[in-house]
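Notes follow once the structure below has been shown.
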Amino acid sequence: MAEKSQLFATKSLKGLLDEMAGDHRLRRVLGPVTLTALGIGAVIGAGIFVATGEAAHTTAGPALMVSYAAAGITCIFAALCYAEFASMAPVAGSAYTYAYTTMGELFAWIIGWDLVLEYAVGAATVANGWSSYFQKVLKGIGIVIPAEMRGAALTFKEDSRSILGGHFETTSSYVNLPAVIIVIIITAILVKGIKESAGFNAVMVAIKVAAVLFVILVGAFFVNPDNWHPFAPYGWTGISFFGIPVHGEETEGGKPLGVLAGAAIIFFAYIGFDSVSTHAEEAKNPKRDVPIGIIASLLICTVLYIAVVAVLTGMVKYDQIDVNAGVSDAFSKRGLAVAEFIIASAGVAGITSVLLVMMLSAPRVFLAMARDGLVPREFFADVHPKFQTPWKSTMLIGAFVAVLAGLLPIDALLHLTNIGTLFAFVIVCGAVLIMRKTNPQAERPFRCPLVPLVPVLGILCCLILMFSLPAANWLRLFGWLALGMCIYFLYGRHHSVLGKELRGEITTHGISPAGMPLDGPKA
Ligand code: ALA
């Protein structure tokens, strides 16, 4: 009986806030500007620099501008929900912690596991995009990496007749070496510490915002409005239900086409604003600064993105845009080779800062889960005595990301990241609705406006985008969640702090049966 109720048992909001009073916490060093910079650092990256070219060319045409607006609006709904939660429960763990206080342990596990997927697979995607731009820069100075070490070892061939939505094939490359190397370097920086990381990030953010403004301001002089016709050559939608077309066109391999399908791809460009909430524990004034960081970074990025796509599709006809490095290539096509080199270099810097924030976030989700006993605490909650970082899990995630980035192709990684993130957003929006019912009186320094409308619209928009992705992604998401379920039922359920409380195994307040303080081992 107690075991069954454990699955749906929730952590109390008060308990959560009490936990924050413990002294084994991360250092509070981040203010609103740093948090917004971390948000922008996480958001502008491979999505705009790499995915835009392919999405405009193959999926949406110039109407990709509308796709960016649609994805931006979806994120704003989710961001408002994130901000309410982040201001109420400013502890590390983001949506995982929110789910634990509203929907219970099982949902919390699912979302925590899903967030690790988002950040780790997202980081591998970004490392892959980084490698493309880095190689463009190297080429500019006459260095060419051998073909065997230049790209992913595998490629995915979509096939609507296959039950798995397609199959992987080997390529002529053994490993994407630049991607693996950058992941190792970032891992080392993150083990050393958050303060240094935030400073490094600020420089990168300045460079990439300058690059994006350069693209918009210089590119605007080369726009030919004729290139915007036809505006939506692939249609306005592109929705399928587990591979069965519902609205809009599809490729022969079963990949949806159109503005919504484009939005589902470039949604990747917005991922990252939510990671601001995973730094709540390191924020100086989390109740005020975290919502500011989330919303400000998202609004700034939406405006910049729409402007970049307008310029890009105005400079080059959509069906001639380069699918690997569309933004920098547009300048080369207009005879601006120097500009191409400048943008590629700044792109490398910009994408690096995204990688940094994504790889910073995954170990922090594990940290929150470890404090609750759902993953081994000795490993995942071990804060380094000198650097005060979760160093062991940072290195584990680094190894996982390096393997994915070295072997898998960017499109498969990108789609998987998107579906995992959209799923997390659905849960966060749902959690806000539940929390308003179960804890109506709780202090909410930031209130999501127009509840229930905004969370409900957030859920619907995310589901539509999930159904605009190729069907194979649903299978991969289910596969990842099934693996997570096995781990939960074999480990997490038996070691959960909440579960032990329910079973009466914890006798002394604040001390687990192993004699370990509930908020983790001493640093
Ligand atoms: N939004 C991030 C990017 O575009 C993940 O690289």
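Quick rundown of the values:
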| item | result |
| --- | --- |
| Label zone at Leu483, where the point sits 7 Å out along the Cα-to-Cβ direction: the stretch 392-416 residues whose backbone N lies under 11 Å | 400-401, 404 |
| Volume in Å³ per residue [convex hull over Cα atoms, computed for the chain] | 137 Å³ |
| Ranked list, fewest to most other Cβ atoms within 10 Å of each Cβ, for Tyr488, Tyr96 | Tyr488, Tyr96 |
| Computed helical MRE - 222 nm, the chain, DSSP H runs ≥ 4 contributing -39500 (n - 2.57), nearest 500 | -19500 deg cm²/dmol |
| For the stretch 429-440, 3J(HN,Hα) per residue [Karplus equation, 6.51 cos²θ - 1.76 cosθ + 1.60, θ = phi - 60°, Hz, x = Gly/Pro] | 4, x, 5, 5, 4, 5, 5, 5, 7, 7, 10, x |
| Lys, Arg +1 and Asp, Glu -1 on Cβ, resulting dipole of the chain about Cα centre, debye, nearest 20 | 1040 debye |
| Pairs from Lys11/Lys500; Lys139/Lys333; Lys392/Lys500; Lys287/Lys386 whose Cα-Cα separation, in the structure shown, is over 19 Å | Lys392/Lys500; Lys287/Lys386 |
| Pairs of alpha carbons in the stretch 202-339 whose separation is greater than 19 Å (percent) | 63 percent |
| Packing rank of 359-371, 34-46, 299-311, 214-226, where each peptide gets the mean count of other beta carbons within 10 Å, highest leading | 34-46, 359-371, 299-311, 214-226 |
| Distant-in-sequence amide H partners of Leu30 (H built 1.01 Å from N, under 5 Å) | Ala283, Lys284 |
| Val246 long-range amide H proximity, modeled H, under 5 Å | Ile239, Ser240, Phe241 |
| Pairwise FRET efficiency - Tyr491 versus Lys287, Cβ, R0 = 45 Å, nearest 0.05 | 0.85 |
| Rounded to whole Hz, the Karplus (6.51, -1.76, 1.60) HN-Hα couplings of the stretch 403-418, x for glycine and proline | 5, 4, 5, x, 10, 9, x, 5, 5, 5, 5, 5, 4, 5, 4, 4 |
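Since every read-out is calculated from the coordinates, none of them should be taken as a lab result. This structure is a prediction, so every number in the text was calculated from the model and none was measured. No Cβ is skipped: glycine too gets one built from the backbone with ideal geometry, and neighbour counts run over all protein chains shown.
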